[in-house]
Structures are given as C-alpha cells and as structure tokens.
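Below: the structure, in structure tokens.
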Amino acid sequence: MKELLELNKKIFASSILWISGFMAIGFSLYYFFFIEDVKKVLFTTITGIFTLLFPLIILGIWTYDWFRKRKYKERILSKTPYSDLKKIGFINKTKRANHNGLLDFVDYGEINECQIIFDVDIKNPKVAEFQIYGRTWDLSSSEFLQKSKELKSYNIELNPLGFKKRINTNTEQLNSIGELEKILMEFTHIAKKIKYKSIPLSEWEHK
C-alpha cells in the first residue's frame, strides 16, 4: 500500500478532483433543468453524497486492479524460467502506467542492444509480455499493415509504440532461462529488421 501511494498520490488527487468536478457539473445541469422545487433539497443531499463517494469507489476499483496485476506478475515470476530473468539482464526497474493510469514498477533489461520490458496484461494473467519501445509511425500505412501481418506469424504485435512479444506460460512450456533468452534474442533480431527509432527510457517509462 505504501508503494501504491508513493507512486500515485498525485494521480489519486487529480482523479478525485476531475471525477468530482464532472459529476458536480452533470448533477447541477440536471438539477436546474429537470428537478421540481419540492425535490431540490433531497436531490442536493444525494448529489453531495455521490460527488464524494463515487470517486472513492472508482479509485477503490483501480487500487484493487493494481494489486491484482501485481499478483499475476509475481505468479509468473515465481515459475521457471521467469524466476531467472535477472540472469539474462532484467536487473532494472522503471515506472509504467497500468491500464487504468496508475503507475507501478516493471522489470526491464537489455538484450542485443534493445531495452525490453517485462509485464503482464490484467486481461490475460497467464501471458508474459515483453515490450520493445520504438517509434514505428515513420512506416507508411501500407508498410505498417504488411509488417503487422508478417510479425503475427512470430506472435509479435506491431503498434505505434514498438513491438510486443507474448508468451503463454500455460501452453508454451520453457524448461530453462536459456530457451527464453533465445526467444527474446530472436525477438530483437526481428524488431531490428523493421524501420523504427528507439524510444529512450526517459520518454517511455510512463507509457
């Protein structure tokens, strides 16, 4: 909980203000145009309660998801060969935004001169994701579509922010860290064949 608050106190504060503000404006418009005088006192009370409680409920759901995603990552990192990621250079941590915008730490390392992030998608908790950040928007639309189709055969996703390699830890059984390193090395070789510019750590650490 301490780490959650240290990483996200500004996000929590701004989210409460934004959500409360939008709700207050919405309720005010409804209040002035649709509520009869007799019901205005009751409506004002309900508005006050919802304006205070609703942001807390939303942040509670975000917090639950934050801890749930950590649990999924720890579960994968407790399995072989992912428990040995440090042996192939994943010795660093950086901050990255989750699907709901909250920040958390992720592991990253460098293989074949490519910085690779390890993370987990909360919707696919048994799938390990490895991301190489790079500007691929220099590709024309036709080039992008063509390269996307080519990379699908390697189970690699091409997106405007780089490349993503997914490994299903249930169906793709790896027996050693050497096997995983070989997969990631191939991943970097394939990425390097495509025209892209690396995104420095300072730029991608919150993406």
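At q = 0.15 Å⁻¹, what is the log10 ratio I(q)/I(0) for region 91-181, with the Debye formula run over Cα points and no solvent?
For the requested q values the scattering log ratios are -0.68.
So if each residue of separation counts as 0.36 nm, and I subtract the Cα-Cα distance between residue 138 and residue 152, what length gain in nm does that give?
Working it through step by step, the gained length comes to 3.1 nm.
Search the structure for amide H atoms under 5 Å from the amide H of residue 134, placed 1.01 Å from N in the peptide plane, and list their residues when 5 or more places away or on another chain.
HN-HN under 5 Å from residue 134: 162, 163, 199.
Leaving ligands, DNA and RNA out of it, report the carbon-plus-sulfur percent of the accessible area of region 88-149 at a 1.4 Å probe.
48
Within region 166-182, which residues have the backbone N less than 14 Å from the label spot 7 Å out from residue 87 along Cα→beta-carbon, could you tell me?
Inside the label zone: 174-182.
Can you compute the modelled spin-label distance between residue 1 and residue 78, with each label point 7 Å from Cα toward Cβ, in nm?
2.2
The values are calculated or read from the model by the stated rules, or taken from the named source; none is laboratory data. Note that the structure is predicted; figures quoted are calculated from it, not measured. Cβ: placed from backbone, ideal geometry, glycine included. Neighbour counts: every protein chain shown. Just so you know, the surface numbers come from the protein's heavy atoms only, side chains and all, with ligands and any DNA or RNA stripped out. Shrake-Rupley method; radii C 1.70, N 1.55, O 1.52, S 1.80 Å.
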